[in-house]
Amino acid sequence: MKKIAVLILTSVALVGCETMPTSSNPNAELSRTGKPGFVSFGLQSVDFEYAAKQAVQEFLESPFALNKPKKGRWVVQMGEVINDTTYRIDTASMTSRMKRAMMQSGEFIFTGATGRERTSFVADSRQLSKSRMFDQSTVARNGTVVAPDLEMLGAIRQRTLVGMDNRQQQLEYEFDFRVVERDTGLEIFQAFVPIEKLGSNKNFAW
């Protein structure tokens, strides 16, 4: 019985290995535990981490990023990131990683006053000057908000390809990010990070 059980478990493990998709992401099989991770047809945290690092690294190495403004750091506004895939994706999983990496470089800081991630805090703080309840020496003054120099925006796209024998399918993901300069309106940078996943067509990706 023990031998039969071992054979069954081995067979299940082999079937699992055969049906698990492969990914072009070199970090696809890494997990936070240090052990081999599960690879899915869908986008995973390791995919967002990889794409974010690749995009930010390319941006930091671009000629434009090397020319720092006089004030020392670029002020960046977060624009719209479109999810053009068949999955429900919280695009903040991507943009939060990009923002963190860019701020850690010491060359960028993000604004909360404008863009897709603006908060009501900045505008609401200006209204406190009309209230007698607040110490007017501590309220925010008009004309002090720093305008952004750049806007970062992009899209996450997906294509699904099925082999002629209908046995395999390949998902092609594209992380496409752009940076637009405020004064000229010119697109001064673009990062394009592809990730492909190949596996059995029995495990439908949609």
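In this structure, does Val122 turn out to be open to solvent by less than 80 Å² (accessible area, probe 1.4 Å) and at pLDDT 90 or above?
The answer is no for Val122.
Which number in (1) farther than 24 Å from Lys53 by Cα; (2) open to solvent by less than 30 Å² (accessible area, probe 1.4 Å); (3) of a type in the set (A, V, I, L, M) marks the one condition that Leu150 misses?
(1)
Which of (1) in contact with a Gly (Cβ under 8 Å, 6 or more places away or on another chain); (2) closer than 18 Å to Val179 by Cβ; (3) at pLDDT below 90 is the odd one out, the single condition Tyr87 does not satisfy?
The failed condition is (2).
Only residues that are charged (D, E, K, R), touching a residue at least 12 places away in the same chain (Cβ under 8 Å) and within 22 Å of Ala155 (Cα to Cα): list them for the range 46-73, please.
Selection gives Asp47, Glu49, Lys53, Glu58.
Specify the residue that is farthest from the chain's Cα centre (by Cα); the eligible residues are those in the range 74-99 that are in contact (Cβ under 8 Å) with a residue 12 or more places away in the chain and surrounded by fewer than 15 Cβ atoms within 10 Å (Cβ to Cβ).
Thr86
Answer yes if at least one residue in the range 118-128 is touching a strand residue (DSSP E or B) at 6+ places or on another chain (Cβ under 6 Å) and under 21 Å from Val81 (Cβ atoms), and no otherwise.
no
The values are calculated or read from the model by the stated rules, or taken from the named source; none is laboratory data. The model shown is predicted, which means the values in this text are computed figures rather than measured ones. Please note: Cβ atoms are built from the backbone with ideal geometry, for glycine as well, and neighbour counts cover all protein chains shown. The accessibility values were calculated without ligands, DNA or RNA, using every heavy atom of the protein model including side chains. Shrake-Rupley method; radii C 1.70, N 1.55, O 1.52, S 1.80 Å.
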